[in-house]
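One structure is given below, encoded as structure tokens.
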Amino acid sequence: MPELPEVESVRRQLAPGLSGRRIAAVWHHTQPRYLDLHLAAGRTVLSVGRRGKFLLCPLDTQLELVLHLGMTGTLRFAPLDAAAAPGPDPLDPHVHARLALDDARELVFRDVRQFGRLAVVRAGDYARIPTLAQLGPEPLSDAFDPGRFARQLAATRAPVKPWLLTQRPVAGVGNIYADEALWLARVHPASRRVGPRRARALHAAIRRVLADAIEREGTTFRDYRMVNGASGRNASHLVAYGQAGRPCPRCRTPLRKVWLGGRGTTFCPACQRR
DNA sequence: CACGCCTCCTGTGCGC
DNA sequence: TGCGCACAGGAGGCGT
């Protein structure tokens with residue numbers, strides 16, 4: 001589900017309701033995907049930030065709540081039944097964690113496929129969250145430098161799309177926006193050699209595609225919802241992802257779907273050359 | 001070290 | 001209608 005634009009849209013709705021709140025109690029399913037989450041109990045949320053696809057909430061006492069929504073994770077606020085002990089939702093087996101707040105509400109984490117992760121760590125200590133520890137620069141910040149990106153791209157021999165998905169060259173690009181950005185920059189997703197001109201085009205395309213998707217509050221196919229339950233509006237603007245067989249908007253050649261690095265990949269065989 | 005493959009889950013849609 | 005299979009927006013772990 002959520003790539004950077006979706007997580008950013010969640011963050012913007014989450015922050016007003018969560019910043020400044022004390023977490024009164026914590027319940028979660030006992031799985032290794034929920035790391036030291038109980039340490040959040042009694043702590044106050046100082047702010048709600050984001051790096052790539054991770055939500056980062058500094059807590060008082062130098063702790064930090066880290067949330068990753070995986071493929072199907074959603075967050076929502078619900079009225080808190082003060083009489084009920086925190087526990088599984090008898091009506092919804094997909095609720096995996098609940099954070100009771102000090103304002104008679106709770107934050108509910110629902111995750112059908114259970115690829116999401118929640119953790120409480122020492123602030124800034126991401127040693128147990130490898131992707132976060134090695135996360136590349138924020139794509140919409142000055143830290144995402146076109147020259148450096150081009151040099152890193154020149155140095156790797158990995159196919160460009162799987163390389164983007166590692167989160168190391170740049171934070172927050174997933175399967176949808178990788179296909180979209182590669183199409184926009186006319187870069188073949190399996191290319192292992194991307195020259196400086198195309199690298200800069202790809203850098204610009206990543207920014208463009210992500211900024212436009214944030215503007216539309218993300219892409220909803222099925223599971224992705226914002227905190228208020230609303231869908232994003234970007235799905236109807238997709239040019240490559242999910243459009244196999246349809247004519248390329250640039251050259252009318254039918255878009256082709258291939259399997260690359262274990263992910264479905266759609267591209268234009270005519271205008272995305274190796 | 002870098003890369004590539006498999007795995008973790010559940011739900012849905014499609015072909016037979 | 002029912003069954004089995006492929007696939008889905010992510011990333012961690014392991015083998016080579």
query = Is there a residue in region A:29-44 that is touching an Asp or Glu at 6+ places or on another chain (Cβ under 7 Å) and under 17 Å from residue A:98 (Cα atoms)?
reply = yes
task = Scan region A:210-269 residue by residue and report those that are surrounded by 13 or more Cβ atoms within 10 Å (Cβ to Cβ), within 10 Å of DNA strand C (Cβ to nearest atom) and of a type in the set (Lys, Arg).
result = A:225, A:257, A:263
task = Quick one: in region A:98-136, of everything that is in a loop (DSSP other than H, G, I, E, B) and touching a helix residue (DSSP H, G or I) at 6+ places or on another chain (Cβ under 8 Å), which residue is farthest from residue A:214 (Cα to Cα)?
result = A:127
task = Please indicate, with yes or no, whether at least one residue in region A:182-193 is under 20 Å from residue A:52 (Cα atoms), away from DNA strand B (no atom under 12 Å from the Cβ) and touching a residue at least 40 places away in the same chain (Cβ under 8 Å).
result = yes
request  = Only one of these is under 30 Å from residue A:112 (Cβ atoms), in contact with a Cys (Cβ under 9 Å, 6 or more places away or on another chain) and β-branched (Val, Ile, Thr): A:239, A:227, A:258, A:209. Name it.
outcome  = A:239
task = With the checklist (1) without any contact (Cβ under 8 Å) to a residue 24 or more places away in the chain; (2) touching a strand residue (DSSP E or B) at 6+ places or on another chain (Cβ under 9 Å) in hand, flag the one item residue A:267 doesn't pass.
result = (1)
Output for region A:7-34, where each listed residue is surrounded by fewer than 18 Cβ atoms within 10 Å (Cβ to Cβ), modelled with pLDDT of 95 or more and under 16 Å from residue A:69 (Cα atoms) = A:12
ask   = Restricting attention to region A:47-88, and to residues there that are within 16 Å of DNA strand B (Cβ to nearest atom) and under 14 Å from residue A:6 (Cβ atoms), which single residue is nearest to the chain's Cα centre (by Cα)?
value = A:53
query = Looking at this structure, is residue A:45 surrounded by 15 or more Cβ atoms within 10 Å (Cβ to Cβ), modelled with pLDDT of 95 or more and in contact with a Ser or Thr (Cβ under 8 Å, 6 or more places away or on another chain)?
reply = yes
key: Hits in region A:52-63 - residues which are within 19 Å of residue A:109 (Cβ to Cβ), out of contact with any Ser or Thr (no Cβ under 9 Å at 6 or more places or on another chain) and surrounded by fewer than 21 Cβ atoms within 10 Å (Cβ to Cβ)   = A:63
query = Is there a residue in region A:135-147 that is of a type in the set (S, T, N, Q), within 12 Å of DNA strand B (Cβ to nearest atom) and surrounded by fewer than 16 Cβ atoms within 10 Å (Cβ to Cβ)?
reply = no
message = Give me the residue from region A:102-118 that is within 16 Å of DNA strand B (Cβ to nearest atom), of a type in the set (A, V, I, L, M, F, W, C) and surrounded by 17 or more Cβ atoms within 10 Å (Cβ to Cβ) and, out of that set, nearest to residue A:63 (Cα to Cα).
response = A:118
inquiry  = Just to be sure I understand, how many residues within region A:161-209 are among the aliphatic types (A, V, I, L, M), under 17 Å from residue A:256 (Cα atoms) and either within 13 Å of DNA strand C (Cβ to nearest atom) or not in a loop (DSSP other than H, G, I, E, B) (or both)?
reply    = 7
Residues satisfying the stated conditions in region A:57-94, i.e. among the β-branched types (Val, Ile, Thr) and either modelled with pLDDT under 95 or not in a strand (DSSP E or B) (or both) = A:61, A:72
task = Return a yes/no flag: does region A:228-245 have any residue that is modelled with pLDDT under 95, among the aromatic types (Phe, Trp, Tyr) and in a loop (DSSP other than H, G, I, E, B).
result = no
inquiry  = Show the residue pairs meeting these rules: Cβ distance below 9 Å; 6+ apart or different chains; first residue within region A:107-129 and at positive phi and within 13 Å of DNA strand C (Cβ to nearest atom); second residue modelled with pLDDT of 95 or more and in a strand (DSSP E or B).
reply    = A:114/A:73; A:114/A:96
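The values are calculated or read from the model by the stated rules, or taken from the named source; none is laboratory data. All figures in this text were calculated on a predicted structure; none of them were measured in a lab. Reconstructed Cβ throughout: ideal geometry from the backbone, glycine too, with neighbour counts over all protein chains shown.
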